[in-house]
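Take a look at the structure set out below.
The values are calculated or read from the model by the stated rules, or taken from the named source; none is laboratory data. The shown structure was predicted, so the numbers you read here are calculated from the model rather than taken from an experiment. Neighbour counts run over all protein chains shown; Cβ positions are idealised from the backbone, glycine included. Remember, those area values only see protein heavy atoms, side chains included, never the ligands or the DNA or RNA. Shrake-Rupley method; radii C 1.70, N 1.55, O 1.52, S 1.80 Å.
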Amino acid sequence: MGRYILKRLLMMIPVLLSVVLLIFILQFITPGDPAKLQLGTDATNEEIENWHEKYGLNDPFAVQFTRYVWGIVSRGDFGNSWRNGQPITQEIISRWPTTFLLAILTTLVSVISGTLLGIYAALHRGSLGDAIARVIGILGISLPNFWFALMMILLFAVRLQWLPVSGFYGPLYWILPAGTLGVLGASSQMRITRSAMLDNINADFVRTARAKGQEERVITYHHILRNALIPILTNVGSRFAQNLTGTMILEQIFAIPGIGTLMVLAINKRDYPQLRASVILVAATVSVVNLLIDIAYAAADPRVKATFKSSSGNFLKFKKRAG
Amino acid sequence: MKQKETVVYTTKKRSMMQESMHRLVKNKTAMAGLIVLLIVITLCALAGFICPEGYDKQDIMNKFISPCAEYPLGTDNLGRSMLARVLYGGRYSLFIGLAATIVAAGIGIIMGSVAAFYGGLVDNLIMRFLDAFNAIPDLLLAIAISSVMGGGVLNAILAIGISSVPAYARTARGPILAVKEQEFVEAARALDARDRRIIFRHILPNVLSPIIVHVSTGISGGIITAAALSFLGLGVQAPTPEWGALLSASRQYIREYPYLVTVPGVCIAMVVLAMNLFGDGLRDALDPKLKY
């Protein structure tokens, strides 16, 4: 198990390197001189030249790229912002906990409510409750989250005045953003849970359990749900990734001082180093969360754990088939 | 959707595609989705007839008018008819969703099939390259691409299209890996068919179902992503009336004139919902084994 985790951590390195490369290339092929955008049209050639020198833009691509990667690896340094010349790392670190907290809260709301609803819908297939759950399931993936958030603000903050409109000063301010995004995310979790449960609900081992007089509750949670866990867990990972970006967009609406508002500020000011850092940070977080979920597979399914012991290569094959 | 399986005894054998279409037509929610979609497309196509004055005619004396007889959906902060803006905006939203899906599916399917068909090093290179794309959430990638490329309809299409390429590559790759080992591929190869012919004529038609399903949900996803981009000030720029841009423009008036925000949002939700209903029906029809 330890060896597998180590191997997966090592596999993350080339992926993250390619992410950095991808984002770096993207910025390189951007038309226009960033110095002119930052300094304004009336900047002299000398000012532009100095600006290029200051941010190291005169060096060849390979040198810039190596220096950037080495800065991140050795000192956690994402360079300086083009917007104000300040170190990016500090600003990101001060804002990161806010976004991360909201993304985790949102994911908790999605996963808990979605899974429970999915279990209910699968057990009562064809009933009114199932129909309602399925309507929620399809509505949730159809409503744009930023519009739904605006509607929720209109209802709960403007009309009913139960909750604050915007800001981020305590748990009361968490409810609307985490709630709106969480409820929308619950729909995909519900759809996956429902279908994964239905895949197992008529399995032979369920009939056997019932034949030996096992309690229905134990059958549901121990036999059916346990076997449906792999796709459910996989979806938790993609939920988190989507909720993280969703949070970054909703921060705009709720005026939350997180990574998302910083990113939009960076986009408007053409502050590419800042944007780059945000994207890399998100990619790294998503990769780590997916690794944690891969490890959770082993806890969820003894068959996966058994393949750990034989060889880690087989595990990857198995996962593809199961997920 | 729970469906009653009707057993039809006929002497004439129907093809797989006919069977699927039959199942699709029987699916009421999918047909409802299709009808809503067709109505919306027709209305947007006829925007020039319904609102002959165009989406940009300002009437400063009549700004912020609530929905009434003259302006069925009210007017915005410049006195422009919201009905006209929504109808013309629908053209942009639907077009961007469709075009981005074509870009994504085109590149993705080719990458996925080349990776699966040749396997080995080619497969590894392509899939590892796409892994890097995959580590960045789709919407964030679209935001990043769009922010360096700048605004405009074409750039929005490219940003959304490129960011969803990996998903299509994966959708195509999986089933092709299974199909390429089958006898008819071997037969084609024995007849000395070129690789391109084998991929496009023999393999791809056999893996179309998952791709069609993916495309049907991809269009609605593209519409939402396009709206999100313009909402953030990227992608389509004012005064072009894309639905997300309409939302973004009227956001600041949400307290006083909530209909300005409600109308474009309901349009997006309605179209995407209709597409998802149809897509779900299509998936059930093409692959009856899946039971969602």
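Looking only at region A:5-43, residues that are within 22 Å of A:Asn84 (Cβ to Cβ) and open to solvent by less than 40 Å² (accessible area, probe 1.4 Å) come to 8 in all. Would you check if B:Gly54 is of a type outside the set (Asp, Glu) and at pLDDT 80 or above? So B:Gly54 does not fit the description; no.
Residues that are out of contact with any Pro (no Cβ under 8 Å at 6 or more places or on another chain) and either facing chain B (nearest Cβ under 10 Å) or of a type in the set (D, E, K, R) (or both) within region A:267-282 comprise A:Ile267, A:Asn268, A:Lys269, A:Asp271, A:Leu275, A:Arg276, A:Ser278, A:Val279, A:Ile280, listed in sequence order. Looking for something open to solvent by less than 70 Å² (accessible area, probe 1.4 Å), hydrophobic (A, V, I, L, M, F, W, C) and in contact with a strand residue (DSSP E or B) (Cβ under 7 Å, 6 or more places away or on another chain) - is there at least one such residue anywhere in region A:77-94? Yes, there is a match, as at least one residue in region A:77-94 is open to solvent by less than 70 Å² (accessible area, probe 1.4 Å), hydrophobic (A, V, I, L, M, F, W, C) and in contact with a strand residue (DSSP E or B) (Cβ under 7 Å, 6 or more places away or on another chain). If you go through region A:268-285 and keep only what is part of a helix (DSSP H, G or I) and under 17 Å from B:Leu229 (Cβ atoms), you end up with A:Asn268, A:Leu275, A:Ser278, A:Val279, A:Val282. Of the residues making up region A:80-107, just one is free of Cβ contacts under 8 Å to residues at least 12 places away in the same chain, polar (S, T, N, Q) and under 23 Å from A:Ala241 (Cα atoms), namely A:Ser94. Do you know which residues across region B:81-123 are outside any helix (DSSP H, G or I) and touching a Phe, Trp or Tyr at 6+ places or on another chain (Cβ under 6 Å)? Selection gives B:Ser81 alone. Right, A:Leu160: open to solvent by less than 30 Å² (accessible area, probe 1.4 Å), more than 14 Å from B:Ala269 (Cβ to Cβ), modelled with pLDDT of 85 or more and more than 10 Å from every other protein chain (Cβ to nearest Cβ) or not? Against the criterion (open to solvent by less than 30 Å² (accessible area, probe 1.4 Å), more than 14 Å from B:Ala269 (Cβ to Cβ), modelled with pLDDT of 85 or more and more than 10 Å from every other protein chain (Cβ to nearest Cβ)), A:Leu160 does not qualify. Can A:Ser188 be described as of a type in the set (S, T, N, Q), open to solvent by less than 60 Å² (accessible area, probe 1.4 Å) and touching a Leu at 6+ places or on another chain (Cβ under 7 Å)? Criteria not met by A:Ser188.
Scanning region A:251-263 for residues that are within 10 Å of chain B (Cβ to nearest Cβ) and open to solvent by 10 Å² or more (accessible area, probe 1.4 Å) yields a total of 2.
The number of residues in region B:241-279 that are open to solvent by 30 Å² or more (accessible area, probe 1.4 Å) and under 20 Å from the mean Cα position of the chain (by Cα) comes to 5. Checked across region A:121-130, the condition of being modelled with pLDDT under 90, buried (at least 17 other Cβ atoms within 10 Å of the Cβ) and within 30 Å of A:Ala255 (Cα to Cα) holds for no residue.
Scan region B:85-129 for residues that are crowded, with 23+ Cβ neighbours inside 10 Å and without any contact (Cβ under 8 Å) to a residue 60 or more places away in the chain and jot them down. Answer for region B:85-129, where residues must be crowded, with 23+ Cβ neighbours inside 10 Å and without any contact (Cβ under 8 Å) to a residue 60 or more places away in the chain: B:Leu87, B:Ala115. Taken as a whole, the structure places B:Leu78 among residues that are of a type in the set (A, V, I, L, M, F, W, C), out of contact with any Ser or Thr (no Cβ under 7 Å at 6 or more places or on another chain), in a loop (DSSP other than H, G, I, E, B) and away from chain A (no Cβ under 14 Å). Scan region A:186-206 for residues that are within 13 Å of another protein chain (Cβ to nearest Cβ) and not in a loop (DSSP other than H, G, I, E, B) and report the count. Counting residues in region A:186-206 that are within 13 Å of another protein chain (Cβ to nearest Cβ) and not in a loop (DSSP other than H, G, I, E, B) gives 14. Would you call B:Gly233 in a helix (DSSP H, G or I) and either crowded, with 20+ Cβ neighbours inside 10 Å or within 14 Å of chain A (Cβ to nearest Cβ) (or both)? Criteria not met by B:Gly233.
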